[in-house]
Amino acid sequence: MCSWCYGLSDELTAVREHYDDQLDYELVLGGLRPYNTETMIDLKDFLTHHWEDVNKASGQPFTYGILDNAEITYDTEPPCRAVRIVRELDPDHAFDFFHAVQSAFYLDNKNMHLTESYHEAIEKCTSLNKEEFDRAFASAESKAEIKQDFQRSSDLGVRSFPTLILKVNGQHTVVAKGYAKASQMQAQIDKLLN
């Protein structure tokens with residue numbers, strides 16, 4: 001639920017494909033605005049500006065209708081929780097599901113507080129069934145567990161999103177903070193690996 005993370009999705013996919021089986025990846029959800037109570041319309045001017053910047057830099061498409069909604073809050077905890085559930089139950093499909101959730105919000109303007117907003121992505125991107133996902137999404141356990149991701153992100157020193165960190169020989173180094181092209185991230189990764 002971070003517009004710059006959505007903007008980075010194609011670039012990150014290119015990096016992952018470039019290194020294929022050479023690197024292992026860990027998807028850590030930072031939260032951005034977990035438990036936020038501001039509505040989409042409250043943040044309309046702010047978000048419109050950011051989404052236009054992301055579109056200009058990345059070419060990722062946006063639909064702006066949700067920004068007129070006075071009932072949906074811009075609380076990023078539910079989509080983070082959804083991605084964490086898939087990461088735990090079907091780890092091979094976590095990144096695909098993550099991208100599908102981003103599209104469901106930014107392009108399809110789905111209300112990510114509702115379990116049914118994830119059903120298409122569950123069917124298309126994972127081996128899970130909707131009922132299994134719905135139970136996990138509503139559980140107190142998953143609501144508590146997502147806080148572990150938020151804490152891990154903070155412990156890694158992440159203060160802006162997206163942040164790509166490479167761990168080599170136990171040392172964590174920032175590869176990208178904010179939007180970056182795949183070629184820039186690859187050059188930094190190559191430098192750190194050599």
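Side notes on the structure shown:
- Degrees, to the nearest 10: 77-89 long Cα axis against longest axis of the chain: 60
- Highest mobility in the GNM of the chain, judged by mean-square fluctuation with C-alpha springs under 10 Å and restricted to 23, 128, 166, is found for 23.
- For the range 3-153, relative contact order (Cα pairs under 8 Å, six or more residues apart, normalised by length) works out to 28 percent.
- Between the helical axis of 182-193 and the longest alpha-carbon principal axis of the chain there is an angle of about 50 degrees.
- Mean-position separation - Cα centroids, the range 100-165 and the range 41-78, in angstrom: 18
- For the range 3-153: rounded, prolate or oblate by the Cα gyration tensor [a/c cutoff 1.5]: oblate
- The label-point distance for residue 177 and residue 63, in a model that sets each label 7 Å from Cα toward Cβ, rounds to 3.5 nm.
- Helix content alone sets the calculated 222 nm mean residue ellipticity of the chain: runs of n ≥ 4 DSSP H residues at -39500 (n - 2.57) each, divided across all residues, give -16500 deg cm²/dmol.
- Lys pairs, the chain - Cα-Cα below 19 angstrom, 8 or more residues apart or on other chains: 11
- GNM result for the chain, Cα springs below 10 Å: residue of 139, 153, 117 fluctuating most strongly: 139
- Contour excess over end-to-end distance, with Cα ends at residue 143 and residue 193 and 0.36 nm allotted per residue: 14.3 nm
- Crossing angle, helix 140-155 versus the chain [Cα axis fit, 0-90 degrees, rounded to tens]: 40
- Across 19, 118, 179, mean-square fluctuation computed from a Gaussian network of the chain (C-alpha pairs under 10 Å connected) peaks at 19.
- Debye, to nearest 20: dipole size of the chain, +1 on Lys, Arg Cβ, -1 on Asp, Glu Cβ: 640
- Note on residue 159 and residue 26: their simple-model spin labels are 2.1 nm apart, each label 7 Å out from Cα toward Cβ.
- Full extension of the segment from residue 71 to residue 132, taken as 0.36 nm per residue of separation minus the current Cα-Cα distance, would add 19.2 nm.
Read the figures in this text as sums done on the coordinates, not as results from a lab. The structure displayed is predicted, hence computed values, not measured ones. Here the Cβ is made from the backbone with ideal geometry for all residues, glycine too, and neighbour counts use every protein chain on show.
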